């Protein structure tokens, strides 16, 4: 039942009205006359947590219009096929945004390779954005659009080796902010990216309330497993399990 309710929520989220919060607004935040326009890119095989985690924070951004953007208005399947999101605009019809957020997922290389307007859309949007952001392998999409060259950036640890291909400066942090580029490491760090964007746009008070509201306390996790603390066996098992997708990426980015 919880899964069904959750899917219904995802499919209808674009019709929700986002409530206003009484927060201190910085120079880059919205005004009463001009709402903030925030876009989330969708493509087949996006990682659902890359989107739904940050969305928990984005949906509380004051005076903000959220756009789910894809090449058409058809429902887009995540890598967890049962979870889908219906876009409310397209790459060709979307307005100029203030913030663009790009998730990662198993479908990243296909999204880059396909002639569906994604890369031109990012290139067109970027010059006027207040913030360009990504989580996980979404950074590879930004790199393919030429938007990482000369910037510090991060991505999922299995994909960091590709960052130099795009002229990016690989940085070992959960969230990296370089000028107006905000990139996050793997999957769950999308929540941190959203909080960082919240801090940049609306200030500390807003973010503290979001952390309290969502009870977001990142440490310790159940086993506190990190790249540094994981046993060699765990790392080897995971790399074997991901071998197919890692090889496809190696082949793609050669």
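Using 0.36 nm per residue of separation minus the Cα-Cα distance, give me the extension gain between residue 215 and residue 179 in nm, one decimal.
On the way: separation 36, 0.36 × 36 = 12.96 nm, distance 2.90 nm.
Gain in length upon complete extension: 10.1 nm.
Just how many % of Cα pairs in the chain lie over 28 Å apart, if you round to the nearest whole percent? The partial results should precede the final answer.
Working: 9747 of 32131 pairs.
Percentage above 28 Å: 30.
Per 0.36 nm of contour for each residue apart, how much would the distance between residue 172 and residue 157 grow if the chain were fully extended, relative to their Cα-Cα spacing? Spell out each step's value before the answer.
Values: separation 15, 0.36 × 15 = 5.40 nm, distance 0.89 nm.
Value of the extension gain: 4.5 nm.
How do 137-146, 90-99, 198-207, 50-59 rank on mean C-beta neighbours within 10 Å, highest first? Spell out each step's value before the answer.
Numbers: 137-146: 24.9, 90-99: 17.3, 198-207: 19.7, 50-59: 22.2.
Order by mean packing, descending: 137-146, 50-59, 198-207, 90-99.
When the chain is treated as a GNM, springs tying every alpha-carbon pair under 10 Å, which of 39, 184, 150 comes out with the largest mean-square fluctuation?
For the chain, modelled as a Gaussian network with Cα springs under 10 Å, the answer is 150.
Provide the FRET efficiency to the nearest 0.05 for the residue 226-residue 205 pair, computing r from the beta carbons and using R0 = 41 Å. Walk me through the numbers before you get to the answer.
On the way: r = 30 Å, r/R0 = 0.74.
My answer for the efficiency is 0.85.
Bins of 5 Å, beginning at zero and ending with the bin holding the largest distance: percent of Cα pairs per bin for the stretch 102-196, please.
Over the stretch 102-196, the share of Cα pairs per 5 Å bin runs 3, 16, 28, 27, 19, 6, 0 percent.
What order do you get for 151-160, 223-232, 106-115 when each peptide is scored by the mean count of other beta carbon atoms within 10 Å, highest first? Can you show the working numbers first?
Details: 151-160: 21.5, 223-232: 9.6, 106-115: 17.8.
Ranked from most to least packed, the peptides come out as 151-160, 106-115, 223-232.
Can you give the calculated 222 nm mean residue ellipticity of the chain, where each DSSP H run of n ≥ 4 adds -39,500 (n - 2.57) and the sum is split over every residue, rounded to the nearest 500 deg cm²/dmol? Spell out each step's value before the answer.
Values: 9 runs with 89 residues, N = 254.
Only helices count here, giving -10000 deg cm²/dmol.
Given the stretch 164-234, what whole percent of its Cα pairs are spread farther than 18 Å? Before the final figure, lay out the partial values.
Numbers: 1286 of 2485 pairs.
In whole percent, the long-distance tail amounts to 52.
Taking the Cα-to-Cβ direction at residue 59 and at residue 128 and moving 7 Å from each Cα, how far apart do the two end points lie in nm?
Placing both labels 7 Å along Cα→Cβ, they lie 2.9 nm apart.
Suppose R0 equals 22 Å. What FRET efficiency, 1/(1 + (r/R0)^6) with r the Cβ-Cβ distance, do residue 93 and residue 34 give to the nearest 0.05? Mind showing how you got there, number by number?
On the way: r = 20 Å, r/R0 = 0.90.
So the FRET efficiency works out to roughly 0.65.
Here, each number is a calculation from the coordinates, and none is a lab measurement. Note that the structure is a prediction, hence the values are computed from the model and not measured. Reconstructed Cβ throughout: ideal geometry from the backbone, glycine too, with neighbour counts over all protein chains shown.
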